[in-house]
1. For region 97-110, name all the residues that are in contact with a Lys or Arg (Cβ under 9 Å, 6 or more places away or on another chain), surrounded by fewer than 21 Cβ atoms within 10 Å (Cβ to Cβ) and modelled with pLDDT of 90 or more.
2. Of the residues 69, 61, which single one is of a type in the set (A, V, I, L, M) and free of Cβ contacts under 8 Å to residues at least 24 places away in the same chain?
3. Looking at (1) buried (at least 21 other Cβ atoms within 10 Å of the Cβ); (2) at pLDDT 95 or above, which is the only condition residue 39 fails?
4. Which ranges mark the strands (runs of 3 or more DSSP E) fully within region 1-103 that have 1 or more residues being hydroxyl-bearing (Ser, Thr, Tyr) and either within 17 Å of the chain's Cα centre (by Cα) or within 16 Å of the ligand (Cβ to nearest atom) (or both)?
5. List every residue pair whose Cβ atoms lie under 6 Å apart, where the two residues are 6 or more positions apart in sequence or sit on different chains, the first residue falls within region 25-53 and is at positive phi, and the second residue, located anywhere, is near the ligand (Cβ under 7 Å from one of its atoms).
6. Residues 68, 5, 18: which one is within 19 Å of residue 153 (Cα to Cα) and crowded, with 16+ Cβ neighbours inside 10 Å?
Amino acid sequence: MKVIYGVDNGFLDFPGQYSITLFFSGCNLRCSYCYNLEVVDGEPVIEFESLQSYLLGFQDVFKKKSIYVTLSGGEPTISPYFNMVVDFLKQNKFIIGMHTNGLVLPKMKNIFKSVILSVKTPSDNIPSKLIDIDSYCDRLLKSIDYYNKSPYKELRYVNILDQKEWVGDVLSRIGDRLDQSWLVKKVENFLGEKNES
Ligand code: SF4
């Protein structure tokens, strides 16, 4: 059974740690600036058995169980193979991180050591009738609560120029839940630009 699109490893994805990154195919958004469209549109190509051997091989090489693995994509949480891969990681004591757009919550709780939640207002080519702003903000607020329990969390905000009418609204609804000064500054910049135009 083919479960993921690809793997990578290095120091970029888990703060301060060498980690393996797993790329799940598919996404529930299609951002105009997406740099991973081949993953978003791609099909899984790596067999589950091959992935298991690859990951366990790292434990052998490093002679320890605490290998860091970041789930990315695409959007990992919408993959039909997400739970299967996470179960394997948990059973084998890997330390799990994730990159997500926050619109779908995983069923399991308190398993992520690190989460980067990238808030992305849908691009024009994602018609707002597919997801209205109320349910969009509601999902993000639930995600912020959920991932706040992770020891390391980073909430990124990506401003999409082609959907400006959503930006101020989304940020006014979720902005008070955020404590990252860079984000607040970005909001202020945006609102400043908006007032000037
Ligand atoms: S949420 Fe991320 S992976 Fe999905 S389309 Fe947007 S940038 Fe690409």
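1. Selection gives 104, 105.
2. From the options 69, 61, the qualifying one is 61.
3. For residue 39, the exception is condition (1).
4. Ranges flagged: 17-23, 68-72, 95-100.
5. Listed pairs, sorted by first residue: 26/74.
6. 68
The values are calculated or read from the model by the stated rules, or taken from the named source; none is laboratory data. The structure presented is a predicted model; accordingly, all values stated were derived computationally and were not measured. Neighbour counts are summed over all protein chains in view; Cβ atoms, including those assigned to glycine, are modelled from backbone coordinates with ideal geometry.
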